[in-house]
Amino acid sequence: MSKYIRGYRCTVCGKFFAPGEAELTCPVCGEKGILDVEYDYDALKKVLTKEYFQNNKNYSMWRYAPMMGIEESHIDEMLRIGWTPLNKSHNLAKELGLKELYIKDDGLNPSGSSKDRASGVAVLKAIESGAKVIACSSTGNAASSCACHAAHMGLPAVIFVPKRAPIGKLTQISLYGATLVIVDGDYKAAFSLSKEAISKYGWYNRNAAINPYMVEGKKTVSLEIAEQLNFKPTDWVVVSVGDGCTVGGVYKGFLELYKLGLIEKVPRILGVQSEGCEPFVIASRNHKPLEEAEENTLADSIAVGIPRNPLKALRAIENSKGAWISVPDEDILKAMSLLGRTEGIFGEPAAVASVAGLKKALLEGVISKDESVTVIITGNGLKDPNNAQKAIVKPEIMEPNMKKLDIYLKEKGVI
Ligand SMILES: *Cc1c(COP(=O)(O)O)cnc(C)c1O
Ligand SMILES: [Zn+2]
């Protein structure tokens, strides 16, 4: 436990709990009472100055350890997570007509997604608490990242995924040596089974939302974006949304930098969903509480019919004066090849949904072309080669014949 933690506030009833009074969820509200970690910001302000960051040579998310709620004794043993590149876009910016666009490539994390930020924290917390096993259910990326970091730290992991999880992610989990449970059902089914098993066997629970420390890991993406832009983040930050933990973390990261006096304003956040699974978009359009939605999209990481972190996500968009948007799967596939072709970045469908959402937001005037934007690419395209194949024109095999090669190269316009 970090010495800077003051305690936990319930996102539902607003009650505050000192360390020890609450652990995963609110003792009053039960499972729906997801907690938010609060720090002694005055104390942190004295430590986390711009000079502190300038002199910090730890180029990973662990550079933010004092504001991540973790003990620092094991961080040197962990894999390097975070400090992923923030690329200034030239080609994509031009295609979209944007003056200033940055791409945060979080697919370059150890297991290939933003989930490494949360799983790294989960594994550290599991070790802090003396757990013998860590468990998690996920659409695939939290699962593979949890297996990855547990393997590195020698902690056994039990991982639950829905049967539709893409081959890259499934392969990673087994390869990292975790016990893999492929549930014959959707993400909801995997989540419920894991919940039962976790309470029966007393494993450490890495499930998104339930565990408030997952947002403490996720928020480091914003801390990095701000720092990489010299503490002047862009007007907008665009990210795709499934359970809502990532977008909740993105907002909390910026809000805390603002509280610490390190940035002057919190960027507006655009939350992107797929039209095939858009519970947040529907709720915000109808000004109604969130309702269960279908999970009908090829963007598997955001195919979340019952988001587990609804309040943090809704507040992230509302409090940042951001917006919700959804895009059809065809646009996601187009965005995948657009990003690859213009920037040399290969994102999985859920990750590039952000690019498709940005394009639509520009067309609809939600974001204007003279505003600056950071788009987060949350996962690597190699995780899901089958869907990536739908985004490309499949090449044919060629005879080893110079004439045929000439014809082909002419067709392609390279000679
Ligand atoms: C998990 C995930 C998201 C969405 O994060 P949530 O916390 O579920 O909202 C987006 N993209 C990728 C690649 C992910 O793995
Ligand atoms: Zn509560």
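Listed values, structure above:
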quantity: Residue check, Asn386 surrounded by 10 or more Cβ atoms within 10 Å (Cβ to Cβ) and in contact with a Phe, Trp or Tyr (Cβ under 7 Å, 6 or more places away or on another chain); calculated: no
quantity: Test: residue in segment 369-376 that is buried (at least 21 other Cβ atoms within 10 Å of the Cβ), more than 14 Å from ligand 1 (Cβ to nearest atom) and either modelled with pLDDT under 95 or hydrophobic (A, V, I, L, M, F, W, C) (or both); calculated: yes
quantity: Residue check for Ser138: more than 16 Å from ligand 1 (Cβ to nearest atom), at pLDDT below 95 and either among the small types (Gly, Ala, Ser) or within 21 Å of the chain's Cα centre (by Cα) (or both); calculated: no
quantity: Flag if Pro307 is more than 26 Å from Pro289 (Cβ to Cβ) and away from ligand 2 (no atom under 16 Å from the Cβ); calculated: no
quantity: Residue within segment 352-372 that is in contact (Cβ under 8 Å) with a residue 40 or more places away in the chain, in a loop (DSSP other than H, G, I, E, B) and under 23 Å from Arg117 (Cα atoms) present; calculated: no
quantity: Glu95 vs. criteria of a type in the set (Asp, Glu) and within 16 Å of ligand 2 (Cβ to nearest atom); calculated: no
quantity: Identity of the residue in segment 279-291, in contact with a helix residue (DSSP H, G or I) (Cβ under 7 Å, 6 or more places away or on another chain) and not in a helix (DSSP H, G or I), that ends up farthest from Ser138 (Cα to Cα); calculated: Pro289
quantity: Residues that are farther than 17 Å from Lys219 by Cβ, not hydrophobic (A, V, I, L, M, F, W, C) and not in a loop (DSSP other than H, G, I, E, B), drawn from segment 300-323; calculated: Asp300, Ser301, Pro310, Glu318
quantity: First in segment 1-23 and of a type in the set (S, T, N, Q), second anywhere and surrounded by fewer than 14 Cβ atoms within 10 Å (Cβ to Cβ) and outside any loop (DSSP other than H, G, I, E, B), Cβ under 8 Å, 6 or more apart; calculated: none
quantity: Qualifying position, being touching a strand residue (DSSP E or B) at 6+ places or on another chain (Cβ under 6 Å), among the charged types (D, E, K, R) and on the phi < 0 side of the Ramachandran plot, among Glu411, Glu348, Glu364, Glu399; calculated: Glu348
quantity: Wholly within segment 18-134, helices (runs of 4 or more DSSP H) carrying at least 1 residues that are within 18 Å of the chain's Cα centre (by Cα) and not assigned by TED's automatic domain parsing to the domain that holds Thr342; calculated: 115-128
quantity: Residue pairs meeting the criteria (Cβ under 8 Å; at least 6 apart or on separate chains; first crowded, with 18+ Cβ neighbours inside 10 Å, in segment 177-192; second among the aromatic types (Phe, Trp, Tyr)); calculated: Val183/Phe160; Ala190/Phe160; Phe191/Phe160
quantity: Flag if Arg341 is within 16 Å of ligand 2 (Cβ to nearest atom) and modelled with pLDDT of 95 or more; calculated: no
quantity: Test: residue in segment 48-65 that is more than 30 Å from Gly107 (Cα to Cα), among the small types (Gly, Ala, Ser), more than 16 Å from ligand 2 (Cβ to nearest atom) and touching a residue at least 12 places away in the same chain (Cβ under 8 Å); calculated: no
quantity: Pairs, first part of a loop (DSSP other than H, G, I, E, B) in segment 395-415, second surrounded by fewer than 10 Cβ atoms within 10 Å (Cβ to Cβ) and not hydrophobic (A, V, I, L, M, F, W, C), C-beta under 8 Å, six or more apart; calculated: none
quantity: Exclusive hit being among the acidic types (Asp, Glu), at pLDDT below 95 and out of contact with any Lys or Arg (no Cβ under 6 Å at 6 or more places or on another chain), set Glu95, Glu71; calculated: Glu71
quantity: Residues satisfying the stated conditions in segment 270-311, i.e. modelled with pLDDT of 95 or more, within 15 Å of ligand 1 (Cβ to nearest atom) and of a type in the set (D, E, K, R); calculated: Glu278
quantity: Among residues of segment 373-394, those that are in contact (Cβ under 8 Å) with a residue 24 or more places away in the chain and in a helix (DSSP H, G or I), counted; calculated: 7
quantity: Of residues in segment 24-36 being β-branched (Val, Ile, Thr) and in contact (Cβ under 8 Å) with a residue 24 or more places away in the chain, the one farthest from Ser199 (Cα to Cα); calculated: Ile34
quantity: Residue selected from segment 1-26 under the condition charged (D, E, K, R) and touching a strand residue (DSSP E or B) at 6+ places or on another chain (Cβ under 6 Å), by the criterion nearest to ligand 1 (Cβ to nearest atom); calculated: Arg9
quantity: Check on Tyr39, over 18 Å from Lys312 (Cα atoms) and out of contact with any Leu (no Cβ under 6 Å at 6 or more places or on another chain); calculated: no
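The values are calculated or read from the model by the stated rules, or taken from the named source; none is laboratory data. Note that the structure is a prediction, hence the values are computed from the model and not measured. Every residue, glycine among them, receives a Cβ derived from its backbone with ideal geometry; neighbour counts consider all protein chains shown.
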